[in-house]
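Written out below as structure tokens is the structure these notes cover.
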Amino acid sequence: MCQDFSTLADFAHILHRLPGPDEVATHAAAERNAQLTKPPAALGRLEGLAQWYCGWRGDPRAQINQPQVVIFAGNHGVTAQGVSAFPPEVTAQMVENFRQGGAAINQLANAFGARLDVHALLLDTPTTDFTQGPAMDEAALVSALRTGWDAVDPECDLLVAGEMGIGNTTSAAAIALALFGGNASDWTGAGTGVDEAGIALKSRVVEKSVALHAAAKGNGLEALRCLGGRELAAMAGAITRARVLRIPVILDGFICSAAAACLQTVSPDALEHTVAGHRSAETAHRALLDRMGKAPLLALGMRLGEGSGAALAIGVLKGAIACHSGMATFAEAGVAGAD
Ligand SMILES: O=C(O)c1ccc[n+]([C@@H]2O[C@H](COP(=O)([O-])O)[C@@H](O)[C@H]2O)c1
Ligand SMILES: Cc1cc2nc[nH]c2cc1C
């Protein structure tokens with residue numbers, strides 16, 4: 001299997017040759033699940049989650065010991081169109097906050113025993129305003145994909161890919177429109193908190209951008225290049241690397257999902273090693289997850305980004321694995337089974 005890339009064609013080649021889960025481990029995990037001291041299916045979605053995790057780890061009694069949260073930050077030329085409630089300087093300021101330990105994601109990563117890494121991608125060089133031209137050329141896209149690819153610790157056993165980038169809900173909305181069609185307003189929401197007039201303006205920006213980049217329609221890598229951003233591309237690179245390493249991934253909110261959806265259009269099963277950690281309050285996230293065939297683990301009204309919803313879901317997955325791998329079987333515990 002090719003595990004490296006220096007062009008977009010190489011990257012697409014990797015996406016067409018992704019490994020699957022370990023079927024033997026998946027089967028053994030299902031057998032084990034059936035013997036655990038609980039009524040059948042009494043742990044609900046936790047049971048399928050644990051079996052999915054065990055399959056990807058190739059261990060029917062897997063553990064989660066080294067989760068990694070990686071946050072990518074990027075700046076967007078499209079902020080010149082007035083699409084965010086916050087100024088673009090906030091991206092770099094929040095990166096500093098992540099590094100000082102003061103952001104929500106620092107607390108959540110800590111709470112769930114995850115290591116946190118932060119990668120700022122050329123913040124002084126925003127992507128091109130995609131109402132005017134493609135956000136990135138091929139070299140810039142490949143470089144950002146590579147940053148994500150290299151950011152994954154091969155020793156980690158669970159990955160959360162998150163982002164920080166003022167303006168990136170406009171980018172995510174444009175990608176969703178390019179990939180799934182409909183109206184720009186279907187995919188455009190408040191982001192950091194723009195008002196109704198701001199959402200209407202943003203929607204026009206999204207519509208104009210997708211009209212300008214016709215080649216992005218239905219083409220995930222072209223959508224990422226023309227309408228994406230460096231942090232979205234880095235998330236796509238990290239999610240792909242995790243797949244090659246058989247590391248399960250928890251997706252975060254609207255922006256992370258849009259980046260991931262780009263991979264799915266290249267290779268329909270590219271996200272089989274991922275689970276949607278939560279459904280964000282960004283209104284279009286529900287439709288996006290539906291199109292991706294992903295049911296979120298949590299829906300807590302969060303719309304922060306920075307990997308926060310996915311980090312919370314580490315707790316859910318850890319709970320699923322603790323039960324699956326730690327519980328006694330009926331035979332071990334001397335508990336009578338159902339009649
Ligand atoms: O994760 C989400 O669903 C989400 C929804 C709304 C906003 N955000 C965060 O807010 C920033 C983008 O919002 P905006 O309004 O600048 O496009 C970016 O840093 C994201 O992490 C994130
Ligand atoms: C303050 C702030 C924190 C964030 N974290 C992720 N996106 C964000 C956007 C803003 C504006």
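Which ones in region 102-116 are more than 16 Å from ligand 2 (Cβ to nearest atom) and either surrounded by 17 or more Cβ atoms within 10 Å (Cβ to Cβ) or at pLDDT below 95 (or both)?
112, 114
Can you name the residue in region 186-204 that is among the small types (Gly, Ala, Ser) and part of a helix (DSSP H, G or I) and, of all such residues, is surrounded by the fewest Cβ atoms within 10 Å (Cβ to Cβ)?
197
Among (1) within 16 Å of ligand 2 (Cβ to nearest atom); (2) assigned to a loop (DSSP other than H, G, I, E, B), there is one condition residue 136 misses while meeting the rest; what is its number?
(1)
Test residue 92 against the stated conditions and say whether it is farther than 21 Å from residue 315 by Cβ, surrounded by fewer than 21 Cβ atoms within 10 Å (Cβ to Cβ) and among the hydrophobic types (A, V, I, L, M, F, W, C).
In short, yes.
Given the structure, is residue 230 under 16 Å from the mean Cα position of the chain (by Cα) and at pLDDT 95 or above?
Spelling it out, residue 230 is indeed under 16 Å from the mean Cα position of the chain (by Cα) and at pLDDT 95 or above.
Kindly list, by first and then second residue, each pair from a residue in region 116-133 that is on the phi > 0 side of the Ramachandran plot to a residue that is of a type outside the set (A, V, I, L, M, F, W, C), limited to pairs with Cβ atoms under 8 Å and residues at least 6 apart or on different chains.
Hits for this filter: 122/74; 122/75; 122/230.
Does at least one position in region 164-171 carry a residue that is away from ligand 1 (no atom under 15 Å from the Cβ) and surrounded by 24 or more Cβ atoms within 10 Å (Cβ to Cβ)?
no
Checking residue 333 against (1) within 30 Å of residue 193 (Cβ to Cβ); (2) more than 14 Å from the chain's Cα centre (by Cα); (3) more than 16 Å from ligand 1 (Cβ to nearest atom): exactly one of these is not met. Which one?
(1)
Considering each of 259, 322, 281 in turn, give the residue that is surrounded by fewer than 18 Cβ atoms within 10 Å (Cβ to Cβ) and either within 16 Å of ligand 2 (Cβ to nearest atom) or more than 30 Å from residue 193 (Cα to Cα) (or both).
Step by step, each of 259, 322, 281 is checked, and only 322 is surrounded by fewer than 18 Cβ atoms within 10 Å (Cβ to Cβ) and either within 16 Å of ligand 2 (Cβ to nearest atom) or more than 30 Å from residue 193 (Cα to Cα) (or both).
Do the conditions hold for residue 207, that is, is it more than 16 Å from ligand 2 (Cβ to nearest atom) and either part of a helix (DSSP H, G or I) or touching a His at 6+ places or on another chain (Cβ under 9 Å) (or both)?
yes
The values are calculated or read from the model by the stated rules, or taken from the named source; none is laboratory data. All values derive from a computational prediction rather than experimental measurement. Here Cβ is always computed from backbone atoms with ideal geometry, including for glycine, and neighbour counts include all displayed protein chains.
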